[in-house]
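Colleague: The structure follows.
The values are calculated or read from the model by the stated rules, or taken from the named source; none is laboratory data. Owing to the predicted nature of the structure, the values given are computational and were not obtained by experimental measurement. Please note: Cβ atoms are built from the backbone with ideal geometry, for glycine as well, and neighbour counts cover all protein chains shown.
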């Protein structure tokens, strides 16, 4: 089981790690998109979300307080869905559908992060192939 969890952690974390790199290396371009979505201080929002994703994904990837990493990613995903993918404001059907897909994806990933938070917190130090045990204790 330890190897399967490690493979899952790697695959899951890579999505956020590559996105974090994009946020941190293409901040100006992404800030323009964030500004178009109406975010205040878009450059700071892009850089901050990049750092949040970087910390969360590295935590999961390395197994260093992986429960905290999962929580950090959920903290990124929910506001991102609500601010960046407001499908209910779109009038054009294709744009509305695309935003709804991204909104649902972000919420589904946030749900997966919450499950990972519970899993890592519950399993604790019994899970191998991690640098540390969990930060939080559940059950």
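Colleague: Does residue 74 qualify as being under 14 Å from the mean Cα position of the chain (by Cα), touching a residue at least 60 places away in the same chain (Cβ under 8 Å) and either under 24 Å from residue 128 (Cα atoms) or surrounded by fewer than 15 Cβ atoms within 10 Å (Cβ to Cβ) (or both)?
Modeller: No: the conditions fail for residue 74.
Colleague: Also, I was wondering about something else. Counting only residues that are buried (at least 16 other Cβ atoms within 10 Å of the Cβ) and closer than 11 Å to residue 60 by Cβ, how many does the stretch 1-36 have?
Modeller: Summing the residues that are buried (at least 16 other Cβ atoms within 10 Å of the Cβ) and closer than 11 Å to residue 60 by Cβ in the stretch 1-36 gives 7.
Colleague: Moving to a separate point now. Can residue 131 be described as within 25 Å of residue 4 (Cβ to Cβ), touching a helix residue (DSSP H, G or I) at 6+ places or on another chain (Cβ under 7 Å) and part of a helix (DSSP H, G or I)?
Modeller: Here the answer is no, as residue 131 does not meet what is asked.
Colleague: OK, next. Whether any residue in the stretch 81-92 is within 26 Å of residue 129 (Cβ to Cβ), free of Cβ contacts under 8 Å to residues at least 60 places away in the same chain, surrounded by 21 or more Cβ atoms within 10 Å (Cβ to Cβ) and within 11 Å of the chain's Cα centre (by Cα) is what I want to check.
Modeller: So far as the stretch 81-92 goes, no, none of its residues is within 26 Å of residue 129 (Cβ to Cβ), free of Cβ contacts under 8 Å to residues at least 60 places away in the same chain, surrounded by 21 or more Cβ atoms within 10 Å (Cβ to Cβ) and within 11 Å of the chain's Cα centre (by Cα).
Colleague: State whether the residues of the stretch 114-124 include one that is surrounded by 15 or more Cβ atoms within 10 Å (Cβ to Cβ), modelled with pLDDT of 95 or more, in contact with a helix residue (DSSP H, G or I) (Cβ under 9 Å, 6 or more places away or on another chain) and within 17 Å of residue 22 (Cβ to Cβ).
Modeller: No, there is no match, as no residue in the stretch 114-124 is surrounded by 15 or more Cβ atoms within 10 Å (Cβ to Cβ), modelled with pLDDT of 95 or more, in contact with a helix residue (DSSP H, G or I) (Cβ under 9 Å, 6 or more places away or on another chain) and within 17 Å of residue 22 (Cβ to Cβ).
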